[in-house]
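Here is the structure we will look at, set down as structure tokens.
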4 protein chains.
Amino acid sequence: MVTPLSGRDALDVPGLERLVEHIIAGGVHGIFVLGSTGEAPSLGHRLQKELVERTSKLVAGRVPLLVGISDTSFTDSVTLAQHAAERGADAVVLAPPYYFPADQPELVEYIGHLVPELPLPLFLYNMPSFTKLSFDPETVVRLAELPGIVGLKDSSGSMTYFHRLQFLLSKERPDFALFVGPEELLGEAVLLGASGGVCGGANLKPQLYVDLYEAAAAGEHDRVAELHERVMQISGNIYQVGRHPSRYLKGLKCALDCLGICSDFMAEPFHKFRAEEREKVIEALGKLGFSLGERA
Amino acid sequence: MVTPLSGRDALDVPGLERLVEHIIAGGVHGIFVLGSTGEAPSLGHRLQKELVERTSKLVAGRVPLLVGISDTSFTDSVTLAQHAAERGADAVVLAPPYYFPADQPELVEYIGHLVPELPLPLFLYNMPSFTKLSFDPETVVRLAELPGIVGLKDSSGSMTYFHRLQFLLSKERPDFALFVGPEELLGEAVLLGASGGVCGGANLKPQLYVDLYEAAAAGEHDRVAELHERVMQISGNIYQVGRHPSRYLKGLKCALDCLGICSDFMAEPFHKFRAEEREKVIEALGKLGFSLGERA
Amino acid sequence: MVTPLSGRDALDVPGLERLVEHIIAGGVHGIFVLGSTGEAPSLGHRLQKELVERTSKLVAGRVPLLVGISDTSFTDSVTLAQHAAERGADAVVLAPPYYFPADQPELVEYIGHLVPELPLPLFLYNMPSFTKLSFDPETVVRLAELPGIVGLKDSSGSMTYFHRLQFLLSKERPDFALFVGPEELLGEAVLLGASGGVCGGANLKPQLYVDLYEAAAAGEHDRVAELHERVMQISGNIYQVGRHPSRYLKGLKCALDCLGICSDFMAEPFHKFRAEEREKVIEALGKLGFSLGERA
Amino acid sequence: MVTPLSGRDALDVPGLERLVEHIIAGGVHGIFVLGSTGEAPSLGHRLQKELVERTSKLVAGRVPLLVGISDTSFTDSVTLAQHAAERGADAVVLAPPYYFPADQPELVEYIGHLVPELPLPLFLYNMPSFTKLSFDPETVVRLAELPGIVGLKDSSGSMTYFHRLQFLLSKERPDFALFVGPEELLGEAVLLGASGGVCGGANLKPQLYVDLYEAAAAGEHDRVAELHERVMQISGNIYQVGRHPSRYLKGLKCALDCLGICSDFMAEPFHKFRAEEREKVIEALGKLGFSLGERA
């Protein structure tokens, strides 16, 4: 879930309400806040806690709530996890610490120290392009032995890596949940056994990703191909506006603003699209059949 | 296709004959020599030419023959392409020059100069982990306008990239062939519209990859999942022996030697597996149901 | 300055006192806390503030105190800067945000927004191996126009980059301070005009680095070569124990513990050296003529 | 030395003659052909041999001639080394093979196999940004035990790496020659004990680099600072025109053409500067006090 902001240290509260309702109405099976798409590392600790508190109240147990606790500080990750538990979240999600370049044995030890301190089940979050550090498949196998680790979300974009995890875990931990990050890979991942996906585009059009998941889980190949094509239309039109690597996130937030769902304000180091890019997003939304909201 | 060697500058000629027959008997739709799995950059120019000549005679038109001409020297790429055409090859395959870090406009110009000099149709070969340089999706779209470029083999491992190429080319160049490199991705790529795969494992067990391709092309989801699982068994057992990134290639050549198909000699900077790793490969082959040949 | 810890969320207070006195006694011209060597990103926000408060009291104005405020959250960087100002620090030091991969224009805008919020002069901190993002020389030239930015510490290790900064800034901003990070480069950087260095080894043997700086600033080439050789002895013996990239920091903290100055506890994702590596550090310290303290 | 070309497969023979005389007249202590600045990997094998033959005749023993033999093929490296020896070269220079990502033990074995096949003394060439593979300091120490390896040219740009090599080799192999690649580092490297530099700018203004070397070797700090400043003027003005990473080489060749020394033709994947960039180079040359030749 994106984090609706009205300023760098202020939530867009009405936008948050609309967004949560929009997503749940689309039939999603869970909500993940404070991930990369939620700009978590760019948000102050106070705001992070406020977001967890408000979202938890809004979700009100209708679907599971997962909270990202990735931080370079072990202590601050634990503090946020405790806050999430107190506010009723169902699980926490953690990427490796992303400043110092740790090695795999250091990562194993880090997670080994962390898990006993956590009051909620943990999903690992593999995001090497941002953290510089991947969970090696063998590391995941070792960590999967720890009680309390229930799954992994892989945003590496490498299905070779993903299939290797499936291969290694299928015998030892068939209950270990494997989610794929990039929505462009949702169809094939679920067709070949993934537990699901964590799709940024589900902020925009949750029903589409739910449908794709269900078609893939049911092995309906033709329907998967058709829905995958629609995901690629969103990806190819909304996320490709602008020049910087941040354009995926800027395009997504801009589209949500154009649809009247929530503000497109972004925390530093990013900023929202200017008029020129916004025009392109509006044009793409029209072409894709979205109805623009009042805020546009 | 791997390059069977009896020394760093000598082909294993009987092995080459056995390998070509083994692969064609497995039903493959084409043979690609002098790619990465063929250790092309490690082979001297003389040996490269001998390999093309001998393979062409052995294949004798039964399936199309594709020849890798990747080289840091434009001139030497063209010379090899001419040799390939004279010896009856059907197409050439080219990765970006891999020493100097060129940019996309330089890459477009490079290919633009090269194509008119080539006597055969050209496949692009995207292999960024070895060449440091990817064909950007927008670059491929531009190059696809050139007559003579007929497709692309993507060994990036990124299905996000691959789907983006499909999305961009589907309207303009629906005939543009898109092949996936890593065999772990063959099933899903073809299920979602890829033209096929270029699978190293097809040296070992060509029928399996042909079957997987055909199941995926026919949209037989259950059969794809089953055959994909068998591909992952090979990948997870044969290609994971040893420590270096080169272990995929060492494992593959070792397995071919154990099966009595061809020698496992490797050109520098690599060397064949020693006894310890060979034992593990033999054990894995047994577990996977292969019958070991006389050479083992 | 390293951060003496007695636990992952607790300062080694007596060690901190000894360390500050040791460093000041060595004649340093300033103290920088909460940098990479200070493990800043691994420390919780509460501990960071406590460290600033205690160090400021201990330094008591004898030398300038610089405080690192690098954070992925703009808001939390500003909060820490305000705390530093209230506690009497003299300047703040900031590396680019290190989670999202921002581009240079985004970086310029980020710093442009940040500087007006800061109550103290700002040093930029170039540390691309940890932040994934370098301050391009042209970016530094643009930022140097902003009032409030007084210098840059370069830990890239590239003297080509450093000389390029000197070349570009010498005419426009001859007062802009350029410090070099890696102590192995202190001699040559100052010989060729750098303002100074920020040397981790000065925790261990501050006088040596002060002497090297002064010899270089005076152009005493022979003395520079001799002192540089001693720096290389420390670097080559203390920082090369162990296997991970973290060994520099582990070796440094271990040596400080062996000398009885402060604890070698490290915050996750790192841990202090075990007995085997500690033995090697002790041996190296002996060879280098250090007297081991009671704590060893 | 750059390679003067009149086409992608043709030497600019008169330019080559002028260039060799220009460089020798500047007082250089040796000439290195077929390095990165010589565009070696972009040249066909035939042209490489012609260049060695012609250059050797032109140099005629007045200074030592070093020939780059870097190639991804072991066999072709040896063939070129033999050719160089037959034509009277004095040593060969080799970077690691640059296609397959080898590991350090593979690299050690590769060089161990190669050295006995070489008819001339070998310099190692560290160029990780182009080859993806660095000679680890410990690898250099091991290789330095092999008879026939006489030194290393480091183009990593990291003086930390360079000083580490000096530190490790000074006791075991004080005769092992260490040259620095980037000319911006020549002064400091030689001040702190390097054997010399291999400077691209010496194609343009050989005397300047010879003077800088001699001042540094004599420990004349003020003169080093002054000459270093002039090197930075060339680097900052001639090598920074244009946008791509190739601009250093394009700027250098363009300047040589403007000075009437040799053609600026470049082998693919690069091309010579167009009119706009050429104007900037001419302007910079004027500002730096060069007299433009007839060819400009």
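The values are calculated or read from the model by the stated rules, or taken from the named source; none is laboratory data. Bear in mind that the values here come from a model prediction, so they are computed numbers and not experimental data. All Cβ positions, glycine included, derive from the backbone under ideal geometry; neighbour counts span all protein chains shown. Heavy atoms of the whole protein, side chains included, go into the accessibility calculation; ligands, DNA and RNA do not. Shrake-Rupley method; radii C 1.70, N 1.55, O 1.52, S 1.80 Å.
Tabulated values for the structure
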read-out	value
Alpha-carbon Rg/Rh ratio, for segment B:137-296, with Rh computed the Kirkwood way	1.04
Per-residue SASA entry for B:His113, accessible area with 1.4 Å probe, Å² rounded to 10	70
Using θ = phi - 60° and Karplus 6.51 cos²θ - 1.76 cosθ + 1.60, couplings along segment C:125-132 (whole Hz; Gly, Pro as x)	9, 8, 8, x, 5, 9, 9, 6
Amide H within-cut-off set for C:Ala91, under 5 Å, with H built and near neighbours excluded	C:Leu65, C:Val67
Spin-label model distance (nm) - C:Gln233 vs C:Gln207, 7 Å beyond Cα toward Cβ	1.4
Accessible area (Å², 1.4 Å probe, nearest 10) - B:Asp12	20
For D:Glu283, label point 7 Å along C-beta direction: distances to other copies, nm	3.4, 6.1, 6.9
Placed amide H near A:Leu11: partners under 5 Å, 5+ positions off or other chain	A:Ser6
Candidates A:Lys132, A:Lys272, A:Lys171, ranked by Gaussian network fluctuation over chain A, Cα under 10 Å, top entry	A:Lys171
Under 12 Å, Cβ to Cβ, from B:Ser158 - net charge with Lys/Arg +1 and Asp/Glu -1	-1
Proximal charge balance of B:Met127 [Cβ under 12 Å; K/R count +1, D/E count -1]	+1
Euclidean distance between Cα centres, segment A:74-132 to segment C:92-127, Å	26
Residue of A:Arg223, A:Arg243, A:Arg46 that the Gaussian network model of chain A assigns the largest fluctuation, springs spanning Cα pairs under 10 Å	A:Arg243
Charge dipole of segment B:180-283 about the Cα centre (unit charges at C-beta), most positive-ward option of B:Gly197, B:His221, B:Ala267	B:Ala267
Per-bin percent of Cα-Cα distances, segment A:86-161 [10 Å]	18, 54, 25, 3
Kirkwood-based shape ratio for segment D:7-65, expressed as Rg/Rh from alpha carbons	0.95
Leading residue at positive end of dipole, segment B:5-218 (Cβ point charges), from B:Leu43, B:Leu122, B:His22	B:His22
In chain B, lysine pairs with alpha-carbon atoms under 15 angstrom apart (chain gap of 8 or more, or interchain)	8
Nearest beta-carbon to the A/D symmetry axis - residue in chain A, distance in Å	A:Arg243, 7
Where the Cα pairs of the protein assembly as shown fall when distances are cut into 10 Å bins, in %	2, 9, 17, 21, 22, 18, 9, 2, 0
Cα gyration tensor category, rounded, prolate or oblate, for chain B with a/c compared to 1.5	oblate
Label 7 Å beyond Cα on the Cβ vector: D:Pro105 copy-to-copy distances, nm	1.6, 4.6, 4.9
Segment D:180-225: C-alpha pair distances exceeding 12 Å, %	51
Nearest-0.05 FRET efficiency for C:Lys287 and C:Ser6, computed from C-beta distance (R0 25 Å)	0.30
Three-way shape call for segment C:160-243 based on the alpha-carbon gyration tensor, with the a/c threshold at 1.5	prolate
Centroid-to-centroid separation of segment A:180-225 and segment D:186-211 [C-alpha atoms, Å]	60
Amide hydrogen neighbours beyond the local backbone of B:Ala267, cut-off 5 Å, H modeled	none
In sequence order, calculated HN-Hα J values of segment C:178-191 (Karplus, 6.51, -1.76, 1.60; Hz; x Gly/Pro)	10, 10, 9, x, x, 5, 5, 10, 4, x, 5, 4, 6, 3
Per-selection Rg to Rh, segment D:1-127 - Cα, Kirkwood hydrodynamic radius	0.97
Vicinal HN-Hα couplings computed from phi for segment B:13-26 (Karplus, 6.51 cos²θ - 1.76 cosθ + 1.60; Hz; Gly/Pro x)	5, x, x, 4, 4, 4, 5, 4, 5, 4, 5, 5, 4, x
7 Å along Cα→Cβ, label-point gaps from B:Ile24 to other copies, nm, shortest first	5.8, 6.6, 8.6
Alpha-carbon centroids, segment C:2-30 and segment C:273-291: separation in whole Å	20
Cβ-based charge dipole, chain A, positive-most Cα from A:Ser156, A:Val59, A:Val78	A:Val59
Value of [θ]222 nm, deg cm²/dmol, for chain C, DSSP H segments ≥ 4, -39500 (n - 2.57) each, nearest 500	-14500 deg cm²/dmol
Net dipole in debye of chain C [+1 Lys, Arg Cβ; -1 Asp, Glu Cβ; about Cα centre; nearest 20]	560
